[in-house]
1. Return yes or no: is Ile18 within 23 Å of Gly384 (Cα to Cα) and either crowded, with 18+ Cβ neighbours inside 10 Å or out of contact with any Cys (no Cβ under 6 Å at 6 or more places or on another chain) (or both)?
2. Show me the helices (runs of 4 or more DSSP H) found entirely inside the range 201-311 where at least 1 residues are open to solvent by 50 Å² or more (accessible area, probe 1.4 Å), under 17 Å from Gly79 (Cβ atoms) and modelled with pLDDT of 90 or more.
3. Name the single residue that is nearest to Thr105 (Cα to Cα) among those in the range 347-398 being among the charged types (D, E, K, R) and at pLDDT below 85.
4. Assess whether Ile371 counts as being more than 16 Å from the chain's Cα centre (by Cα), crowded, with 24+ Cβ neighbours inside 10 Å and not basic (Lys, Arg).
5. Taking Tyr24, is it modelled with pLDDT of 85 or more and either in contact with a strand residue (DSSP E or B) (Cβ under 9 Å, 6 or more places away or on another chain) or assigned to a helix (DSSP H, G or I) (or both)?
6. Those residues that are out of contact with any Pro (no Cβ under 8 Å at 6 or more places or on another chain) and either open to solvent by 20 Å² or more (accessible area, probe 1.4 Å) or among the charged types (D, E, K, R) (or both), I need them from the range 338-354; list them, please.
7. Condition check: closer than 20 Å to Phe367 by Cβ and open to solvent by less than 40 Å² (accessible area, probe 1.4 Å). Does Ser63 satisfy that?
8. Name the residues in the range 359-368 that are over 13 Å from Leu294 (Cα atoms) and open to solvent by 10 Å² or more (accessible area, probe 1.4 Å), would you?
Amino acid sequence: MLDIINSLNLYIVGIGAILLISVYASKISEKIGLPLLLIFLILGMLLGSEGIIGINFDDALLSQVVGSVALIFILYSGGLDTHWEQIKPIVASGVMLATLGVLVTAVVLAVFIYLLGDMSFLESLLLGSIVSSTDAAAVFMILRSQKIRLRHHIKPLLELESGSNDPMAIFLTITVLQLLVLRDENSIWSCAIEFVIQFVIGGAIGLLCGFVFPKICTKLNISQPGLYPLISIAWMFLIYGISSLLGGNGYLSIYIAGIVTNKFAFPYKSHIIAFHDATAWMMQIVVFLVLGLLVFPSQLKEIALLALLLVVILIFVARPLGVFISLAKSKYNVKEKLFISWVGLRGAVPIILATYPFAYHLENSHFIFNIVFFMVFISVLVQGTTLGYVAHRFGIVE
């Protein structure tokens, strides 16, 4: 502790420099066409124990906590930037993608993992579940930074799916982990019931809190504009905490609350949204840097071939099957479904979920984490850099 106090100024300078470099990286991202979150991951790896700076960091559980808190800010900001009028026509399709689509993707990928690797089917299903959801931070960031205008409500569908499919991925991951550790098949039904409860309670609290917050801002009538974003942060934490304590899904609650809040006019609304946008960017920088620090690049060589094969299967087989099955009765045509399949970017959420096996002391924890990280890296590199090209190729750009 004394060493930290003595080096406090040095740490402050280091944090400031890292944030400044990360922000400037957005300019580099625009010039070379590399997704910004990928630059953050690379920067984290360069800062890590095997990188140029050599920061020794290997605390997977701390990374999980940091990532979980960061997701609260990212999802709430995503909700505040989502307009109900835009997503209203595609709510049913978004819910299908966020539930059935995730399940199909996880199961299909698990079958291939089981056939290709030396893992049991439960371990294969665990890995498939971890990478089954698209990542809100990745989708929000790339769609907005590239300023791609998509037709037929495709953009709101992708944002709704990525912002609401985390509960399903978390449910699948924890269920399989419990089966692996407890060997109790009854836990499948208990987890299924718990998931429904989380979805219902989380959705209800999100709707209620999203409706109440604009009224609170109107009633308060505070003369200091700078306090309104602080009130918003306090409200955001209350939403997440109360939802979780009551058995709901906190992430779903804050995302829905953000969407509902944006429906209403209230004092300093633009200030609050701008503040959360800046905060979400900072959280994205922090979470990707931390997750990059957690990786040991020398360990990736052992799993590179398998991970590369799995990410190809995920992109070209598992994700498209999940999309086409869940959107079978939707209005989207084949080209639009293919594009939706292509925007199934993986990001922070799968990497954060990949830290869960460490908490359960699974023998293959490091192996699973490295594969997930490699798959996310390739997914963002390939799909993120070609998203604009594929949109034009399929002719779905306005």
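The values are calculated or read from the model by the stated rules, or taken from the named source; none is laboratory data. Quick caveat, the model's predicted, so the values are computed rather than measured. As a convention, Cβ positions derive from the backbone with ideal geometry for all residues, glycine included, and neighbour counts pool all protein chains shown. With ligands, DNA and RNA removed, areas are computed over all heavy atoms of the protein, side chains included. Shrake-Rupley method; radii C 1.70, N 1.55, O 1.52, S 1.80 Å.
1. no
2. The helices (runs of 4 or more DSSP H) meeting that bar are 227-245, 269-293.
3. Glu363
4. Yes, satisfied.
5. no
6. Result: Trp342, Arg346.
7. yes
8. Ala359, Tyr360, His361, Leu362, Glu363, Asn364, Phe367
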